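Encoded as C-alpha cells, here's the structure I'll be asking about.
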Amino acid sequence: MRFWRYIHALKLAGWPRRAHSPPADKLQRSFHYRRLMFDGTEYHYRVFVPVDWSHATSWPVILSLHGGGGYGSDNLGQISEGLGPAILEHAGRFPALVVFPQAPANGTPGWQAVGGRIALAALEQAIEEFHGDRSRVALTGMSIGGNGAWYLAYHHPQRFAALLVVCGFVAERMGTMHPILYPSLVPGTTDPYTVTARQLAHIPTWIFHGDADHSVPVEQSRRMAAALRALGAPVQYTELPGVDHNAWDYAYRRADVASWLLQPSAGG
C-alpha cells in the first residue's frame, strides 16, 4: 500500500515530467564545469559539489552515467534528465560529490567504449580535486547509462561500493534513440546475466525498471536481479507498474534512494 500511495502522489504532482527539463542556465549554475584531456582530446564533464563542501572532509562520491539523450559535447545533456534534475530539486539529500561525464556522439557504444574511459578519468580527477573518498564511490546509470553501469562494475568490480541501475540492460541490443549496437557484456555466452552476477555478487545493488518499458524490455532487469539473488548477493529489485522507459523520474526522486547511495556502508 505504501508503494501505491507513492506512485499516486507522483501522478498527482504531474510526474513523469520527462519533457520539461530544468532551464539550462540553472543547470550550469548548479554543476561545476570541468574539462580533462584524454588520448590527446579534450572532454568536458560536470560535478555537483555540496554548498557546505570543505577540504577538511572526505566526501562520498556518485558517478552518474546518462542515457541516450545525453550523448554529445555540450556538457549539458548529461545533467538534463535523471539524477541532475533530482539533485536540483532536493540538493540537501545529496551531501556528496556527484560526477557527470558525457559520452561523445561518435557512433560507438557509449560507456562500453571511449565514454567509459572518459567516465573513469573524470571520476579520478574529481576525487583528487574535491577530496572524494575512494572507498565510498557509488555508480549509477539509466538506460544506456544503466548498461554502462553494469559494464564498468563488471570490469572494475573492486572500484565501486554500491550500484544503482535504472532500466539498464546486459544482453546485446540495438539502441532505440541512436542506431548503435551495444554488445553483450559477456560476449560468447548464452547467459551473460549469471556471468555478470558472479563478478558483482559482493556489491550492494538496487535495480529499477518500469514494467511498461517499450525501449528496454523489463526482462533484462528481471533476469539480472534473479541471477544476483541466486548467488545470495545483496540486491534489491523495484519494478514500477505502468511506467515506461522513464523509470529514472521515479527512482532518483525517492528520498530512500539518496540515503541508500550515501549511507556509511555504501549501500549495505
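The values are calculated or read from the model by the stated rules, or taken from the named source; none is laboratory data. These figures come from a predicted structure and were not determined experimentally. Here Cβ is always computed from backbone atoms with ideal geometry, including for glycine, and neighbour counts include all displayed protein chains. Just the protein is used for accessible areas: all its heavy atoms, side chains included, with ligands, DNA and RNA removed. Shrake-Rupley method; radii C 1.70, N 1.55, O 1.52, S 1.80 Å.
Only one of these is farther than 19 Å from residue 61 by Cβ, free of Cβ contacts under 8 Å to residues at least 12 places away in the same chain, exposed (fewer than 15 other Cβ atoms within 10 Å of the Cβ) and of a type outside the set (A, V, I, L, M): 176, 190. Name it.
On the way: 176 fails: free of Cβ contacts under 8 Å to residues at least 12 places away in the same chain.
Selected residue: 190, the only one of 176, 190 that is farther than 19 Å from residue 61 by Cβ, free of Cβ contacts under 8 Å to residues at least 12 places away in the same chain, exposed (fewer than 15 other Cβ atoms within 10 Å of the Cβ) and of a type outside the set (A, V, I, L, M).
Could you count how many residues in segment 129-158 are closer than 15 Å to residue 111 by Cβ and either outside any loop (DSSP other than H, G, I, E, B) or basic (Lys, Arg) (or both)? Walk me through it before giving the result.
Step one: of segment 129-158, the residues closer than 15 Å to residue 111 by Cβ are 139-156.
Now narrow it down to the ones that are either outside any loop (DSSP other than H, G, I, E, B) or basic (Lys, Arg) (or both): 139-142, 144-155.
Selection size over segment 129-158: 16.
Restricting to segment 159-177, what's the tally of residues that are under 21 Å from residue 246 (Cβ atoms) and in a loop (DSSP other than H, G, I, E, B)? Write out each step before concluding.
Quick first cut of segment 159-177, residues under 21 Å from residue 246 (Cβ atoms) only: 163-170, 173-177.
Still in the running and in a loop (DSSP other than H, G, I, E, B): 167-170, 175-177.
Number satisfying all stated conditions: 7.
For residues that are surrounded by 24 or more Cβ atoms within 10 Å (Cβ to Cβ), outside any loop (DSSP other than H, G, I, E, B) and touching a helix residue (DSSP H, G or I) at 6+ places or on another chain (Cβ under 7 Å), tally how many sit in segment 57-85.
Selection size over segment 57-85: 9.
Okay, moving on. Is there a residue being crowded, with 23+ Cβ neighbours inside 10 Å, touching a Pro at 6+ places or on another chain (Cβ under 6 Å) and in a helix (DSSP H, G or I) anywhere in segment 108-122?
Here is the first cut: in segment 108-122, the residues crowded, with 23+ Cβ neighbours inside 10 Å are 110-111, 115, 119, 122.
If we keep only those that are touching a Pro at 6+ places or on another chain (Cβ under 6 Å) as well, we get 119, 122.
Applying the additional criterion that residues be in a helix (DSSP H, G or I) yields 119, 122.
Yes: segment 108-122 contains one or more residues that are crowded, with 23+ Cβ neighbours inside 10 Å, touching a Pro at 6+ places or on another chain (Cβ under 6 Å) and in a helix (DSSP H, G or I).
Which ones in segment 126-137 are surrounded by 19 or more Cβ atoms within 10 Å (Cβ to Cβ) and of a type in the set (S, T, N, Q)?
Selection gives nothing.
Given the options 149, 171, name the one that is in contact with a strand residue (DSSP E or B) (Cβ under 7 Å, 6 or more places away or on another chain), at pLDDT 95 or above, of a type outside the set (D, E, K, R) and open to solvent by less than 30 Å² (accessible area, probe 1.4 Å). Spell out how you get there, then give the answer.
On the way: 171 fails: in contact with a strand residue (DSSP E or B) (Cβ under 7 Å, 6 or more places away or on another chain).
When all the criteria are applied, what remains is 149.
Something else now. For segment 220-254, give me the residue count where each residue is surrounded by 23 or more Cβ atoms within 10 Å (Cβ to Cβ), in contact with a strand residue (DSSP E or B) (Cβ under 6 Å, 6 or more places away or on another chain) and part of a loop (DSSP other than H, G, I, E, B).
2
Can you name the residue in segment 193-207 that is within 20 Å of residue 144 (Cα to Cα), among the aliphatic types (A, V, I, L, M) and out of contact with any strand residue (DSSP E or B) (no Cβ under 8 Å at 6 or more places or on another chain) and, of all such residues, is most open to solvent (accessible area, probe 1.4 Å)?
Going through the qualifying residues, I end up with 195.
Picking from 164, 88, which residue would you name as being open to solvent by less than 10 Å² (accessible area, probe 1.4 Å) and touching a residue at least 24 places away in the same chain (Cβ under 8 Å)? Steps first, answer last, please.
Details: 88 fails: open to solvent by less than 10 Å² (accessible area, probe 1.4 Å).
Criteria check complete, one pass: 164.
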